[in-house]
Amino acid sequence: MLFGERFFTTAMAKDSNKVNKNKKKELTLKRLAENRYAKFQYEILETIEAGIELLGTEVKSIRNGKTNLRDGFCTFRDGEILLLNVHISPHTNVGSFFNHEPLRNRKLLLHKKEIIKLKSKSEKKGLTIVPLSIYLKGSWIKLTIGVGKGKQLHDKRQSDKQKDIKREIHSALKR
């Protein structure tokens, strides 16, 4: 066996190990909570993925699915973006001293450019930033936030009609 052949086979083995490692690192997404009401109340113009600064008991509660995003919204303070009014239930297997406050303000983890971009969009008339869903990305808990414009009553009726039409078409195609 020549030197070149042995080198070629070891290089092939190393490449196959890299492929196996990449398969293991594929991130699985598991939705933990969703804010369906936001999609009804707002016309979502843009979505952004953000990290959340959480305490240990909050992570346990979120993984158990004890989160309510319905009344949540985002504000800006001191160059940071905060998530307000999102209820994360206290963890049941921990004493009250170590547990967290359910409605505390939570810092969102975004790049400075993204924060500036969101702030400029939210300052426009009628636009707000609302949480859409919380999910696991690998072992990290991520939040999808959306820049939305509030819907009027006639807009909601029109979107309901479109949903009904799509549902009827879908059921007709199944037959």
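The values are calculated or read from the model by the stated rules, or taken from the named source; none is laboratory data. Every value quoted in this text rests on a predicted model; they were computed, and no experiment measured them. Ideal geometry is used to build each Cβ from the backbone, glycine not excepted, and the neighbour counts take in all protein chains shown.
In region 137-155, what residues are exposed (fewer than 15 other Cβ atoms within 10 Å of the Cβ) and of a type outside the set (D, E, K, R)?
Within region 137-155, GLY138, SER139, TRP140, GLY150, GLN152, LEU153, HIS154 qualify.
Quick grid of which residues meet (1) farther than 20 Å from CYS74 by Cα; (2) surrounded by 12 or more Cβ atoms within 10 Å (Cβ to Cβ):
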residue	(1), (2)
ILE88	no, yes
LYS112	no, no
TYR135	no, yes
ARG157	yes, no
LYS163	yes, no
ARG167	yes, no
LYS174	yes, no
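Is it the case that ARG77 is at pLDDT 90 or above, exposed (fewer than 12 other Cβ atoms within 10 Å of the Cβ) and out of contact with any Gly (no Cβ under 7 Å at 6 or more places or on another chain)? I'd like the intermediate steps shown before the answer.
Numbers: at pLDDT 90 or above: yes; exposed (fewer than 12 other Cβ atoms within 10 Å of the Cβ): yes; out of contact with any Gly (no Cβ under 7 Å at 6 or more places or on another chain): yes.
Yes.
Restricting the first residue to region 117-131 and requiring it to be free of Cβ contacts under 8 Å to residues at least 60 places away in the same chain and buried (at least 18 other Cβ atoms within 10 Å of the Cβ), which pairs with a second residue that is part of a loop (DSSP other than H, G, I, E, B) and not aromatic (Phe, Trp, Tyr) meet a Cβ separation below 9 Å and a spacing of at least six or different chains?
Matching pairs, first to second residue: none at all.
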